[in-house]
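Trainee: Structure incoming, see below.
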Amino acid sequence: MINKYFKCDRKLQKLSHSLISFDNSNKMKKKLIKKISKLNEFQFIMLFNGFIIEKGIDEVTENELMLFILTDKIHYPNNPHLGIDIYENEYLSDDELKEIKNSGITLTHESFNCKNKIEKLVKNLFIVPYQIDNYSEEPLLNEQLKRYNESSMEFLKEFPTNTQITKLNYLRDKIINNFLTEISILSHYITKNISLKNTETNKKNYLIFILEKILKLEEKLIELDEVIVTKINSYNVKRDGNYFIDTNTELLKKLYSELEKSDFIDIHKTSQEEFIEVLKSDWDEHNSIIHLKMDGIQFGYFIECVFYYLKVRIQLSSIEYAGNIKTKNGIINARSVSSSYSKSKKQEKKPKREKDLQSIFEKLKIK
(Lines give C-alpha, C1' and ligand atoms only; values in the text may rest on other atoms or scores of the structure.)
Protein backbone atom coordinates (compact mmCIF):
# COMPACT_ATOMS: atom_id res chain seq x y z
CA MET A 1 0.00 0.00 0.00
CA ILE A 2 2.83 2.42 0.84
CA ASN A 3 4.70 1.59 -2.35
CA LYS A 4 1.51 1.96 -4.37
CA TYR A 5 0.96 5.48 -3.03
CA PHE A 6 4.51 6.58 -3.88
CA LYS A 7 4.54 4.81 -7.25
CA CYS A 8 5.70 6.86 -10.24
CA ASP A 9 5.33 4.64 -13.30
CA ARG A 10 5.24 5.01 -17.07
CA LYS A 11 1.71 6.41 -16.96
CA LEU A 12 3.00 9.40 -15.01
CA GLN A 13 5.87 9.82 -17.47
CA LYS A 14 3.42 9.64 -20.37
CA LEU A 15 1.21 12.24 -18.71
CA SER A 16 4.26 14.46 -18.24
CA HIS A 17 5.03 14.26 -21.97
CA SER A 18 1.39 15.11 -22.78
CA LEU A 19 1.63 18.25 -20.64
CA ILE A 20 4.68 19.47 -22.52
CA SER A 21 2.80 19.07 -25.82
CA PHE A 22 -0.46 20.64 -24.55
CA ASP A 23 -2.03 22.58 -27.45
CA ASN A 24 -4.72 24.48 -25.49
CA SER A 25 -7.55 22.65 -27.26
CA ASN A 26 -10.66 21.99 -25.15
CA LYS A 27 -10.52 18.29 -25.98
CA MET A 28 -6.95 17.88 -24.73
CA LYS A 29 -7.65 20.14 -21.77
CA LYS A 30 -10.52 17.96 -20.52
CA LYS A 31 -8.45 14.82 -21.06
CA LEU A 32 -5.49 16.16 -19.08
CA ILE A 33 -7.65 17.50 -16.24
CA LYS A 34 -9.29 14.10 -15.88
CA LYS A 35 -5.97 12.23 -15.83
CA ILE A 36 -4.36 14.63 -13.35
CA SER A 37 -7.39 14.35 -11.03
CA LYS A 38 -6.69 10.62 -10.59
CA LEU A 39 -3.26 11.25 -9.06
CA ASN A 40 -2.62 11.32 -5.32
CA GLU A 41 -0.83 14.23 -3.66
CA PHE A 42 2.67 12.84 -4.09
CA GLN A 43 2.20 11.95 -7.77
CA PHE A 44 0.61 15.36 -8.33
CA ILE A 45 3.61 17.17 -6.80
CA MET A 46 6.05 15.01 -8.79
CA LEU A 47 4.22 15.77 -12.04
CA PHE A 48 3.90 19.51 -11.42
CA ASN A 49 7.47 19.79 -10.16
CA GLY A 50 8.92 18.11 -13.24
CA PHE A 51 6.66 20.06 -15.59
CA ILE A 52 7.27 23.57 -14.29
CA ILE A 53 11.04 23.06 -13.93
CA GLU A 54 11.40 21.51 -17.41
CA LYS A 55 9.29 24.16 -19.14
CA GLY A 56 10.45 27.09 -17.02
CA ILE A 57 8.24 29.31 -14.90
CA ASP A 58 8.34 32.16 -17.43
CA GLU A 59 7.12 29.89 -20.24
CA VAL A 60 4.30 28.20 -18.32
CA THR A 61 0.93 29.67 -19.32
CA GLU A 62 -2.15 30.49 -17.30
CA ASN A 63 -4.11 27.76 -19.08
CA GLU A 64 -1.47 25.18 -18.18
CA LEU A 65 -1.56 26.17 -14.51
CA MET A 66 -5.35 25.83 -14.52
CA LEU A 67 -4.98 22.14 -15.34
CA PHE A 68 -3.62 21.64 -11.83
CA ILE A 69 -6.29 23.64 -9.99
CA LEU A 70 -9.78 22.33 -9.26
CA THR A 71 -12.49 24.97 -9.00
CA ASP A 72 -15.82 24.16 -7.31
CA LYS A 73 -18.81 26.45 -6.97
CA ILE A 74 -20.40 25.97 -3.55
CA HIS A 75 -23.74 27.56 -2.71
CA TYR A 76 -24.55 29.03 0.67
CA PRO A 77 -28.08 30.14 1.68
CA ASN A 78 -28.70 33.50 3.38
CA ASN A 79 -27.68 32.03 6.75
CA PRO A 80 -23.90 31.50 6.37
CA HIS A 81 -23.96 28.86 9.12
CA LEU A 82 -26.09 26.58 6.95
CA GLY A 83 -23.67 26.20 4.09
CA ILE A 84 -24.65 23.44 1.65
CA ASP A 85 -22.66 22.08 -1.23
CA ILE A 86 -25.39 21.79 -3.85
CA TYR A 87 -23.23 19.64 -6.08
CA GLU A 88 -22.49 16.94 -3.53
CA ASN A 89 -25.41 16.87 -1.08
CA GLU A 90 -27.43 13.77 -1.88
CA TYR A 91 -30.10 14.29 0.76
CA LEU A 92 -31.83 17.25 -0.86
CA SER A 93 -34.76 16.89 -3.20
CA ASP A 94 -34.91 18.71 -6.55
CA ASP A 95 -37.37 21.24 -5.11
CA GLU A 96 -35.12 21.93 -2.14
CA LEU A 97 -32.11 22.41 -4.41
CA LYS A 98 -34.09 24.79 -6.60
CA GLU A 99 -35.16 26.85 -3.60
CA ILE A 100 -31.57 27.06 -2.33
CA LYS A 101 -30.25 28.03 -5.74
CA ASN A 102 -32.66 30.94 -5.87
CA SER A 103 -31.40 32.45 -2.61
CA GLY A 104 -28.14 33.11 -0.82
CA ILE A 105 -24.71 33.29 -2.45
CA THR A 106 -22.40 31.04 -4.44
CA LEU A 107 -18.71 30.98 -3.57
CA THR A 108 -15.80 29.56 -5.52
CA HIS A 109 -13.54 27.07 -3.79
CA GLU A 110 -10.16 26.19 -5.27
CA SER A 111 -7.94 23.23 -4.45
CA PHE A 112 -5.33 20.97 -6.06
CA ASN A 113 -6.74 18.80 -8.84
CA CYS A 114 -5.82 15.51 -7.20
CA LYS A 115 -7.05 12.91 -4.74
CA ASN A 116 -6.43 13.45 -1.02
CA LYS A 117 -5.07 10.12 0.16
CA ILE A 118 -2.06 10.67 2.42
CA GLU A 119 -4.07 10.91 5.65
CA LYS A 120 -6.04 7.82 4.71
CA LEU A 121 -2.77 5.99 4.04
CA VAL A 122 -1.49 6.80 7.54
CA LYS A 123 -4.80 5.92 9.15
CA ASN A 124 -4.78 2.58 7.42
CA LEU A 125 -1.71 1.63 9.44
CA PHE A 126 -3.72 2.20 12.62
CA ILE A 127 -7.27 1.18 11.76
CA VAL A 128 -8.80 -1.66 9.78
CA PRO A 129 -9.98 -0.65 6.26
CA TYR A 130 -13.75 -0.86 6.80
CA GLN A 131 -13.54 1.78 9.53
CA ILE A 132 -11.42 4.29 7.62
CA ASP A 133 -14.19 5.83 5.53
CA ASN A 134 -16.14 6.75 8.65
CA TYR A 135 -13.26 8.92 9.85
CA SER A 136 -11.76 10.06 6.55
CA GLU A 137 -12.93 13.66 6.90
CA GLU A 138 -11.61 14.09 10.44
CA PRO A 139 -8.21 15.67 11.07
CA LEU A 140 -5.53 13.14 11.89
CA LEU A 141 -4.40 14.28 15.33
CA ASN A 142 -2.79 12.55 18.27
CA GLU A 143 -5.92 13.00 20.37
CA GLN A 144 -8.06 11.35 17.72
CA LEU A 145 -5.72 8.35 17.51
CA LYS A 146 -5.69 8.20 21.30
CA ARG A 147 -9.48 7.97 21.20
CA TYR A 148 -9.23 5.07 18.76
CA ASN A 149 -6.83 3.34 21.13
CA GLU A 150 -9.03 3.84 24.15
CA SER A 151 -12.56 3.24 22.84
CA SER A 152 -12.19 1.44 19.52
CA MET A 153 -9.75 -1.37 20.18
CA GLU A 154 -11.68 -3.67 17.86
CA PHE A 155 -10.82 -1.34 14.99
CA LEU A 156 -7.05 -1.32 15.54
CA LYS A 157 -4.72 -3.22 13.23
CA GLU A 158 -3.39 -6.39 14.82
CA PHE A 159 0.14 -6.35 13.38
CA PRO A 160 3.05 -7.76 15.38
CA THR A 161 4.88 -4.84 17.02
CA ASN A 162 8.06 -5.21 14.99
CA THR A 163 6.09 -5.41 11.74
CA GLN A 164 4.12 -2.29 12.64
CA ILE A 165 7.25 -0.34 13.57
CA THR A 166 8.95 -1.41 10.33
CA LYS A 167 5.95 -0.22 8.29
CA LEU A 168 5.80 3.11 10.11
CA ASN A 169 9.53 3.75 9.74
CA TYR A 170 9.34 2.88 6.06
CA LEU A 171 6.49 5.35 5.60
CA ARG A 172 8.57 7.99 7.43
CA ASP A 173 11.42 7.40 4.97
CA LYS A 174 9.08 8.01 2.06
CA ILE A 175 7.56 11.14 3.59
CA ILE A 176 10.90 12.65 4.62
CA ASN A 177 13.21 11.60 1.79
CA ASN A 178 10.73 11.73 -1.10
CA PHE A 179 7.64 13.81 -0.38
CA LEU A 180 9.02 16.63 1.75
CA THR A 181 12.13 16.85 -0.43
CA GLU A 182 10.03 17.31 -3.60
CA ILE A 183 7.90 19.95 -1.87
CA SER A 184 11.03 21.75 -0.70
CA ILE A 185 12.47 21.77 -4.23
CA LEU A 186 9.20 23.01 -5.75
CA SER A 187 8.50 25.76 -3.20
CA HIS A 188 12.08 27.01 -3.49
CA TYR A 189 11.88 27.04 -7.29
CA ILE A 190 8.62 29.01 -7.38
CA THR A 191 9.78 31.47 -4.72
CA LYS A 192 13.13 32.02 -6.44
CA ASN A 193 11.83 32.40 -9.99
CA ILE A 194 8.45 34.12 -9.77
CA SER A 195 8.59 37.77 -10.73
CA LEU A 196 5.79 39.70 -9.03
CA LYS A 197 6.40 42.75 -11.21
CA ASN A 198 6.65 41.17 -14.64
CA THR A 199 4.23 38.23 -14.35
CA GLU A 200 0.67 38.57 -15.63
CA THR A 201 -1.82 39.11 -12.79
CA ASN A 202 -3.84 35.88 -13.24
CA LYS A 203 -0.74 33.74 -13.72
CA LYS A 204 0.88 35.37 -10.69
CA ASN A 205 -2.23 34.67 -8.58
CA TYR A 206 -2.27 31.02 -9.65
CA LEU A 207 1.40 30.59 -8.78
CA ILE A 208 0.93 32.22 -5.38
CA PHE A 209 -2.12 30.01 -4.75
CA ILE A 210 -0.14 26.88 -5.67
CA LEU A 211 2.74 27.96 -3.44
CA GLU A 212 0.39 28.52 -0.49
CA LYS A 213 -1.22 25.10 -0.99
CA ILE A 214 2.22 23.46 -1.22
CA LEU A 215 3.25 25.00 2.10
CA LYS A 216 0.00 23.84 3.72
CA LEU A 217 0.63 20.34 2.40
CA GLU A 218 4.11 20.52 3.90
CA GLU A 219 2.58 21.42 7.28
CA LYS A 220 0.21 18.46 7.01
CA LEU A 221 3.06 16.06 6.24
CA ILE A 222 5.07 17.32 9.22
CA GLU A 223 2.01 16.81 11.43
CA LEU A 224 1.57 13.28 10.08
CA ASP A 225 5.25 12.55 10.68
CA GLU A 226 4.86 13.68 14.29
CA VAL A 227 1.85 11.37 14.68
CA ILE A 228 3.87 8.44 13.30
CA VAL A 229 6.79 9.15 15.66
CA THR A 230 4.38 9.34 18.61
CA LYS A 231 2.90 6.00 17.62
CA ILE A 232 6.34 4.37 17.27
CA ASN A 233 7.39 5.68 20.69
CA SER A 234 4.13 4.47 22.25
CA TYR A 235 5.19 0.84 21.76
CA ASN A 236 7.82 1.37 24.47
CA VAL A 237 9.82 -1.71 23.47
CA LYS A 238 13.56 -2.30 23.28
CA ARG A 239 14.77 -1.10 19.92
CA ASP A 240 15.66 -4.18 17.94
CA GLY A 241 16.77 -4.46 14.31
CA ASN A 242 19.96 -3.43 12.54
CA TYR A 243 21.24 -1.37 9.61
CA PHE A 244 21.65 -4.45 7.37
CA ILE A 245 25.19 -3.44 6.43
CA ASP A 246 27.11 -6.31 4.88
CA THR A 247 30.15 -4.20 4.00
CA ASN A 248 33.50 -5.84 4.72
CA THR A 249 34.58 -5.19 8.32
CA GLU A 250 38.06 -4.19 7.18
CA LEU A 251 36.53 -1.42 5.06
CA LEU A 252 34.62 -0.11 8.08
CA LYS A 253 37.85 -0.14 10.08
CA LYS A 254 39.44 2.00 7.37
CA LEU A 255 36.44 4.35 7.46
CA TYR A 256 36.83 4.74 11.21
CA SER A 257 40.56 5.41 10.79
CA GLU A 258 39.96 8.10 8.16
CA LEU A 259 37.24 9.74 10.30
CA GLU A 260 39.72 9.72 13.19
CA LYS A 261 42.49 11.32 11.11
CA SER A 262 40.17 14.08 9.93
CA ASP A 263 38.72 14.59 13.43
CA PHE A 264 35.15 13.73 12.40
CA ILE A 265 34.64 11.18 15.19
CA ASP A 266 35.07 11.45 18.96
CA ILE A 267 37.54 8.62 19.65
CA HIS A 268 37.23 9.17 23.41
CA LYS A 269 33.56 8.21 23.27
CA THR A 270 33.57 5.80 20.30
CA SER A 271 36.15 3.08 19.84
CA GLN A 272 36.69 1.26 16.57
CA GLU A 273 34.97 -1.82 18.00
CA GLU A 274 31.94 0.24 19.06
CA PHE A 275 31.81 1.90 15.64
CA ILE A 276 31.61 -1.47 13.88
CA GLU A 277 29.22 -2.87 16.50
CA VAL A 278 26.70 -0.09 15.89
CA LEU A 279 26.81 -0.50 12.11
CA LYS A 280 26.82 -4.31 11.89
CA SER A 281 25.25 -5.79 15.03
CA ASP A 282 21.62 -6.00 16.13
CA TRP A 283 20.74 -2.91 18.16
CA ASP A 284 19.44 -4.88 21.15
CA GLU A 285 22.77 -6.72 21.53
CA HIS A 286 24.79 -3.68 22.64
CA ASN A 287 24.64 -0.18 24.11
CA SER A 288 27.32 1.36 21.89
CA ILE A 289 26.83 4.81 20.38
CA ILE A 290 28.73 6.49 17.53
CA HIS A 291 29.67 10.09 18.40
CA LEU A 292 30.42 12.10 15.27
CA LYS A 293 31.92 15.59 15.21
CA MET A 294 29.53 16.83 12.53
CA ASP A 295 26.55 19.18 12.31
CA GLY A 296 23.25 18.21 10.65
CA ILE A 297 24.28 19.34 7.16
CA GLN A 298 27.61 17.52 7.34
CA PHE A 299 25.86 14.37 8.55
CA GLY A 300 23.36 14.55 5.68
CA TYR A 301 26.30 14.73 3.27
CA PHE A 302 28.06 11.91 5.14
CA ILE A 303 25.06 9.58 4.72
CA GLU A 304 24.86 10.53 1.03
CA CYS A 305 28.55 9.66 0.60
CA VAL A 306 28.08 6.32 2.37
CA PHE A 307 25.48 5.43 -0.25
CA TYR A 308 27.33 6.85 -3.27
CA TYR A 309 30.82 5.53 -2.51
CA LEU A 310 30.20 2.44 -0.37
CA LYS A 311 26.87 1.39 -1.92
CA VAL A 312 25.26 1.28 1.52
CA ARG A 313 21.90 2.95 2.12
CA ILE A 314 21.14 3.91 5.71
CA GLN A 315 17.72 5.46 6.25
CA LEU A 316 17.56 8.49 8.55
CA SER A 317 14.37 7.19 10.18
CA SER A 318 16.20 3.98 11.15
CA ILE A 319 19.03 6.02 12.68
CA GLU A 320 16.55 8.08 14.68
CA TYR A 321 14.68 4.96 15.79
CA ALA A 322 17.85 3.13 16.86
CA GLY A 323 19.17 6.20 18.68
CA ASN A 324 22.76 4.97 18.49
CA ILE A 325 24.37 7.68 16.34
CA LYS A 326 24.95 11.20 17.66
CA THR A 327 26.26 14.40 16.07
CA LYS A 328 27.09 17.77 17.60
CA ASN A 329 23.31 18.31 17.80
CA GLY A 330 22.70 15.12 19.77
CA ILE A 331 20.58 12.10 18.78
CA ILE A 332 19.64 12.20 15.10
CA ASN A 333 16.27 13.73 14.19
CA ALA A 334 15.49 12.41 10.71
CA ARG A 335 13.26 15.24 9.54
CA SER A 336 15.58 17.93 10.90
CA VAL A 337 18.67 16.48 9.19
CA SER A 338 16.83 15.93 5.90
CA SER A 339 15.37 19.45 5.94
CA SER A 340 18.63 21.25 6.79
CA TYR A 341 20.64 19.28 4.23
CA SER A 342 18.00 19.75 1.53
CA LYS A 343 17.87 23.51 2.16
CA SER A 344 21.65 23.78 2.02
CA LYS A 345 21.71 22.09 -1.39
CA LYS A 346 18.98 24.37 -2.73
CA GLN A 347 20.89 27.41 -1.54
CA GLU A 348 24.06 25.90 -3.06
CA LYS A 349 25.62 26.07 0.39
CA LYS A 350 28.31 23.40 0.75
CA PRO A 351 28.76 21.46 4.01
CA LYS A 352 31.65 22.60 6.20
CA ARG A 353 34.84 20.74 5.28
CA GLU A 354 33.08 19.10 2.33
CA LYS A 355 36.38 18.30 0.60
CA ASP A 356 37.72 16.55 3.71
CA LEU A 357 34.63 14.33 3.88
CA GLN A 358 34.74 13.62 0.17
CA SER A 359 38.43 12.76 0.38
CA ILE A 360 37.71 10.11 3.02
CA PHE A 361 35.30 8.27 0.75
CA GLU A 362 37.42 8.69 -2.35
CA LYS A 363 40.06 6.60 -0.59
CA LEU A 364 37.46 3.92 0.25
CA LYS A 365 35.45 4.01 -2.97
CA ILE A 366 34.06 0.64 -4.10
CA LYS A 367 34.40 0.26 -7.85
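Trainee: Can you compute log10 of I(q)/I(0) for the stretch 162-212 with the Debye formula, treating each Cα as one identical point scatterer, at q = 0.22, 0.30 Å⁻¹?
Mentor: -0.78, -1.05
Trainee: Rounded to the nearest 0.05, what FRET efficiency do K253 and D9 give with R0 = 45 Å and r taken as the Cβ-Cβ distance? Could you check?
Mentor: Once rounded, the FRET efficiency stands at 0.60.
Trainee: When the Karplus curve 6.51 cos²θ - 1.76 cosθ + 1.60 is applied with θ = phi - 60°, which whole-Hz ³J(HN,Hα) does each residue of the stretch 274-289 get, with x for Gly and Pro?
Mentor: 5, 4, 5, 4, 4, 7, 10, 9, 5, 5, 7, 9, 7, 10, 5, 9
Trainee: For an R0 of 35 angstrom, estimate the FRET efficiency from the Cβ-Cβ distance between S37 and K192 and round to the nearest 0.05.
Mentor: Plugging the Cβ-Cβ distance into 1/(1 + (r/R0)^6) gives 0.75.
Trainee: Filter the trypsin sites (Lys or Arg not before Pro) in the stretch 211-278 to those in DSSP coil with at most 10 other Cβ atoms within 10 Å of their Cβ, and list the result.
Mentor: Sparse-neighbourhood loop trypsin sites (Lys or Arg not before Pro): K238.
Trainee: Taking just the C-alpha trace of the stretch 18-59, give me its Rg and Dmax in Å.
Mentor: For the stretch 18-59, the Cα radius of gyration and maximum Cα-Cα distance read 10.8, 27 Å.
Trainee: Within the stretch 346-367, name every residue whose backbone N is under 16 Å away from a label modeled 7 Å from Cα of K293 along the Cβ vector.
Mentor: 352-358, 360
Trainee: Taking a quarter of the surface of the convex hull around the Cα atoms of the stretch 246-356, what do you get in nm²?
Mentor: 6.6
Trainee: Ok, one more. Which whole-number percentage describes the relative contact order of the stretch 272-324, with Cα contacts under 8 Å and a sequence gap of 6 or more? Mind showing how you got there, number by number?
Mentor: Values: 25 pairs, mean separation 18.2, N = 53.
RCO, the stretch 272-324: 34 percent.
Trainee: Given points 7 Å out from each Cα along the Cα-Cβ axis, report the Y308 to N162 separation in nanometres with one decimal.
Mentor: 3.5
Trainee: Give the share of C-alpha pairs in each 5 angstrom bin for the stretch 192-312, from 0 to the last occupied bin, in whole percents, shortest bins first.
Mentor: In order of increasing distance, the bins hold 2, 8, 12, 14, 14, 11, 10, 8, 7, 6, 5, 3, 0 percent.
Trainee: Please compute the contact order of the stretch 224-299 in relative form: average sequence separation of alpha-carbon pairs under 8 Å and at least six residues apart, divided by the residue count, as a percent. Working shown, then result.
Mentor: Working: 59 pairs, mean separation 25.8, N = 76.
Value for the stretch 224-299: 34 percent.
Trainee: Moving to a separate point now. Express in nm, to one decimal, how much length is gained between I185 and F209 on full extension, taking 0.36 nm for each residue of separation and deducting their alpha carbon distance.
Mentor: 7.0 nm
Trainee: Work out the P(r) tail for the stretch 251-310: percent of alpha carbon pairs separated by more than 18 Å, whole number.
Mentor: 35
Trainee: Check L70: other-chain or 5+ apart residues with amide H under 5 Å from its amide H, H built from backbone geometry?
Mentor: The list, which skips near neighbours in sequence, is S111, F112, N113.
Trainee: Can you tell me how much longer the chain between S336 and H268 gets when fully stretched, taken as 0.36 nm per residue apart minus their C-alpha distance, in nm with one decimal? If you can, show how the numbers build up before the last one.
Mentor: Details: separation 68, 0.36 × 68 = 24.48 nm, distance 2.65 nm.
Taking S336 through H268 to full extension adds about 21.8 nm, to one decimal.
Trainee: Skip the ligands, DNA and RNA, and give the accessible area per residue of the stretch 217-273 with a 1.4 Å probe, whole Å².
Mentor: 56
Trainee: Another question about this same structure. So for the pair D58, N329, with labels modelled 7 Å out along Cα→Cβ, what separation do we get in nm?
Mentor: 3.6
Trainee: Could you tell me what percent of the accessible area of the stretch 248-367 is made up of carbon and sulfur, with a 1.4 Å probe and every protein chain present?
Mentor: Solvent-exposed carbon and sulfur of the stretch 248-367 make up 44 percent of the total.
The values are calculated or read from the model by the stated rules, or taken from the named source; none is laboratory data. It should be emphasised that the depicted structure is a prediction, and the values quoted were computed from it without experimental measurement. Glycine also receives a Cβ, built like all others from the backbone with ideal geometry; neighbour counts cover every protein chain displayed. Please note that ligands, DNA and RNA were not included when accessible areas were found on the heavy atoms of the full protein model with its side chains. Shrake-Rupley method; radii C 1.70, N 1.55, O 1.52, S 1.80 Å.
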